[in-house]
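Here is the structure we will look at.
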Amino acid sequence: MKKYVKFNKEKILIVNKNYRLSRFFNPRKLNKELLKQYDVMWQAAQKDKINLNIVSGYRSYKYQQKLLKEYLRVDNVENVKKYLAMPGHSEHQTGLAIDLINTESKLIKKYRKEYKWLYNNTYKYGFILRYPKGKENITGYKYEPWHFRYVGKNLAKELYNSGDYLTLEEYFHLNNKKR
Ligand SMILES: [Zn+2]
């Protein structure tokens with residue numbers, strides 16, 4: 001059930017609207033390598049007077065179920081699916097995704113200076129902007145300027161694509177039509 005794609009000798013875990021994780025996939029915390037690279041990136045950002053914080057990291061299957069329940073109290077399922085991953089379909093369950101805020105606890109948005117820095121620098125540390133603008137039909141998710149996925153430096157550089165971000169779905173020709 002778990003979907004991996006191969007990049008050189010690396011195995012890249014894919015989670016999207018088509019490929020899901022079971023409720024038993026439970027790394028319990030953020031990936032070690034991700035944290036190491038985040039630290040290096042955080043320090044580089046500081047040097048450029050950019051302050052970063054992780055607002056959401058690892059999220060369990062159970063937690064995603066809880067979120068879904070809460071959202072469904074105030075919105076219908078079709079709408080909720082556009083911005084919330086169904087349990088098992090959240091990249092946060094992999095321990096390889098982070099949502100970032102600045103020190104004023106504001107989610108990273110396109111007009112913020114932090115975003116500009118992240119957009120052009122995260123790939124150097126192995127992170128990619130996972131849900132770019134204009135790729136909603138490919139990823140199945142709305143543009144999320146705060147959500148970054150760790151894929152390692154080599155693949156991140158490929159996907160950064162000189163600033164014209166490619167999605168994992170495009171690069172690995174993954175069919176992601178199912179919603
Ligand atoms: Zn996220």
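The values are calculated or read from the model by the stated rules, or taken from the named source; none is laboratory data. All figures in this text were calculated on a predicted structure; none of them were measured in a lab. Heads up, the Cβs are rebuilt from the backbone with ideal geometry, glycines too, and the neighbour counts pull from every protein chain shown.
Could we say that Ile101 is touching a residue at least 12 places away in the same chain (Cβ under 8 Å) and either more than 15 Å from the ligand (Cβ to nearest atom) or more than 12 Å from the chain's Cα centre (by Cα) (or both) here?
yes
His92 passes all but one of (1) surrounded by fewer than 18 Cβ atoms within 10 Å (Cβ to Cβ); (2) in a helix (DSSP H, G or I); (3) without any contact (Cβ under 8 Å) to a residue 40 or more places away in the chain; which number fails?
Checking His92 against (1) surrounded by fewer than 18 Cβ atoms within 10 Å (Cβ to Cβ); (2) in a helix (DSSP H, G or I); (3) without any contact (Cβ under 8 Å) to a residue 40 or more places away in the chain, the one that fails is (1).
For region 107-123, enumerate the residues that are part of a helix (DSSP H, G or I), more than 14 Å from the chain's Cα centre (by Cα) and buried (at least 17 other Cβ atoms within 10 Å of the Cβ).
Glu114, Tyr115, Trp117
Given the residues Gly126, Gly134, which is the only one that is more than 12 Å from the ligand (Cβ to nearest atom) and surrounded by 14 or more Cβ atoms within 10 Å (Cβ to Cβ)?
The match here is Gly126.
If a residue must be assigned to a loop (DSSP other than H, G, I, E, B) and either modelled with pLDDT of 95 or more or within 11 Å of the ligand (Cβ to nearest atom) (or both), how many such residues does region 77-86 contain?
Of the residues in that region, 2 qualify.
Within region 1-31, can you find the residues that are among the basic types (Lys, Arg) and under 14 Å from Glu91 (Cβ atoms)?
Lys2, Lys3, Lys17, Arg20
Can you tell me which residue within region 153-173, out of those that are hydrophobic (A, V, I, L, M, F, W, C) and in a helix (DSSP H, G or I), is nearest to the ligand (Cβ to nearest atom)?
Checked region 153-173; the qualifying residue nearest to the ligand (Cβ to nearest atom) is Leu168.
Anything in region 104-123 that is away from the ligand (no atom under 16 Å from the Cβ), of a type in the set (Lys, Arg) and either in contact (Cβ under 8 Å) with a residue 40 or more places away in the chain or closer than 15 Å to Ser56 by Cα (or both)? List them, or say none.
Lys113 - this is the single residue of region 104-123 that is away from the ligand (no atom under 16 Å from the Cβ), of a type in the set (Lys, Arg) and either in contact (Cβ under 8 Å) with a residue 40 or more places away in the chain or closer than 15 Å to Ser56 by Cα (or both).
Take the residues in region 28-53 that are over 20 Å from the mean Cα position of the chain (by Cα) and assigned to a helix (DSSP H, G or I); name whichever of them is surrounded by the most Cβ atoms within 10 Å (Cβ to Cβ).
Result: Ala44.
Residue by residue through region 140-152, note down the ones that are free of Cβ contacts under 8 Å to residues at least 60 places away in the same chain and either of a type in the set (D, E, K, R) or more than 16 Å from the ligand (Cβ to nearest atom) (or both).
Across region 140-152, the qualifying residues are Glu144, Arg149.
Would you check if there is a residue in region 6-13 being within 16 Å of the ligand (Cβ to nearest atom) and either within 15 Å of the chain's Cα centre (by Cα) or in contact (Cβ under 8 Å) with a residue 12 or more places away in the chain (or both)?
Scanning region 6-13, I find at least one residue that is within 16 Å of the ligand (Cβ to nearest atom) and either within 15 Å of the chain's Cα centre (by Cα) or in contact (Cβ under 8 Å) with a residue 12 or more places away in the chain (or both), so the answer is yes.
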